[in-house]
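Encoded as structure tokens, the structure appears first; notes follow it.
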Amino acid sequence: MGRMKQKAILLLLLLVIFSVHMAMGYNDDEEGGGREGDTERGEGRGGEKGEGEEGREDEFLLRDSKQAVSTEAGEMRVVKGFGGRGIDNPIHIGFINMEPKTLFLPQYTDTNLILFVRRGEVKIGWIDKDRLVERQLRIGDIYRIPAGYAFYLLNTGEGQRLQVICSIDKFEKGQRSYPIESFGQGPFQSFFIGGGTNPTSVLAGFDHKILKTAFNVSSSELEDIMMRQQEGPIVYVPDAHQPGNWESFMKLKQQERIGGLMGVEGDDDDEDEELVQEKEEQQEEAWTWRKLLKSVMGVQENEDEDKKSKVRSPDAYNLYDTKPDFRNRYGWSIAVDKHDFSPLKKSNVGVYLVNLSAGSMMAPHVNPIATEYGIVLSGEGSLQVVYPDGTSAMNAKLKEGDVFVVPRYFPFCQIASRSGAMEFFGFATSARKNRPQFLVGANSILQAVKGPELAMAFDMIEERLGKLIDSQRESIILPTLPALPGKEEEKKRGEGKEQEEEKKKREEKPELPEREKRSDH
């Protein structure tokens, strides 16, 4: 029994030692990131990777895409961001796609939205200081909708699909430690003002007696208002496909149009002027969009104050109409901060747009004040991210539609494919002016600190290091690397090298003495 007990204890110790060894190996693999032979761990989506390597790539390529809205008229999907060390204000990325002549129903959300129009044209209407503000946005425009403020999106592009990319964040100015409260389980929660059975209006939760009183309507009229919509959050505008009806819908008076969006029927063309006037009088006495919101929010009506107050809502900011902050032969870049577009300050979010020509690269750099989220708008390329300890974190291929994130302080660079240009757009978790620290190039940190201290750091002669650093004369966006030599050129170089070595050997061969030369004959 004693021997059996000893064997059991020995076996248990061996199992413990093996478990500890495996755990240490796993931790090393998680933290060591860039050891030799492991630099290609993020080599695109199609490459073969181990389980740990796939996990690392997922840290920086955001693939967790969930469909938030889906109807025949359009969809919205959300790519969830992540929080962690160095990330002050996590951002999620939303993609809204709408068919021609469609409406994203009036709603408000528990998050701030910064919209970027990627394709098409859109009319946005939202409540700013108790008044409806409408803006017509086009490709390249950015616009902000604050959390809790009702809005709608109307695709006005003739025969065009609409694509909008938006940032979704819960930052509230002056409350950095206390983000906007969210009652939803996902990245954001929509509260639909207008709706029926699908989507359900937030008003549906109130008692019918309260709603009848608030609307000043009968039970049958209330049911007609609250039950008609069943097409989903994104719908086709009624009769929008018939010639002329779209134009007439767009020409309706603001009050009537808003009423139509809420499910109230508009005037028929065959009604006489008396009926039209009677309906207008009834509408003035009955509820309107603004009165409804006031009754729900508990705000008292004060027409005198409304007349006195002049709302000056900011216009959109167009990226493609903006002069690039930097441009050379290899590409250009634009960064928009709170000084360029003041609404960004309230969300503490910055915006950027970069275009790299075929084969060029954004020089390796670090963002000292913000985490960067990016979306590839067109083209292909790659992204390399480095851990702060100087090991490789990821080297992944990028294609159109990919979403990536680079944490604050992490060195990284983007490289366009040789087959064509790559354009990417994105958000930064700070509205302050971003001052990226470039590690290589004519305006790099190396150039700034070039001297004996830097030479000692690299263990090189100062003059030699200076020449190497000065080899790159471009800055920020760098040219493509020289093309690899072809096989024929390699062969010629190889033959030339052999001939040169032979010649060198002959020259180094010692001369025979005169007597030895004579004795040979």
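FYI, it's all coordinate maths here, none of it is from the lab. Since the structure is predicted, the reported quantities are computational estimates derived from the model, not experimental observations. With ideal geometry, Cβ positions are generated from the backbone for all residues, glycine too; neighbour counts draw on all protein chains shown.
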Between residue 358 and residue 439, what length in nm is gained on full extension when 0.36 nm per residue of separation is reduced by their alpha carbon distance? 27.0 nm
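If you stretched the chain out fully between residue 471 and residue 322, how much longer would it get, using 0.36 nm times the residue separation minus the C-alpha to C-alpha distance?
On the way: separation 149, 0.36 × 149 = 53.64 nm, distance 3.22 nm.
Result: 50.4 nm gained on full extension.
Rank-order 354-360, 313-319 by packing density, defined as the average count of other C-beta atoms within 10 Å over each peptide's residues, highest first.
Details: 354-360: 21.4, 313-319: 15.7.
Ranked from most to least packed, the peptides come out as 354-360, 313-319.
Taking the highest mean first, how do the peptides 371-379, 387-395 order by number of other beta carbon atoms within 10 angstrom per residue? Don't skip to the end; give the middle numbers.
Details: 371-379: 21.3, 387-395: 17.1.
The densest-packed peptide leads the list: 371-379, 387-395.
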Considering only DSSP states other than H, G, I, E and B, which trypsin sites (Lys or Arg not before Pro) in the range 328-374 qualify as loop sites with at most 11 other Cβ atoms within 10 Å? 329
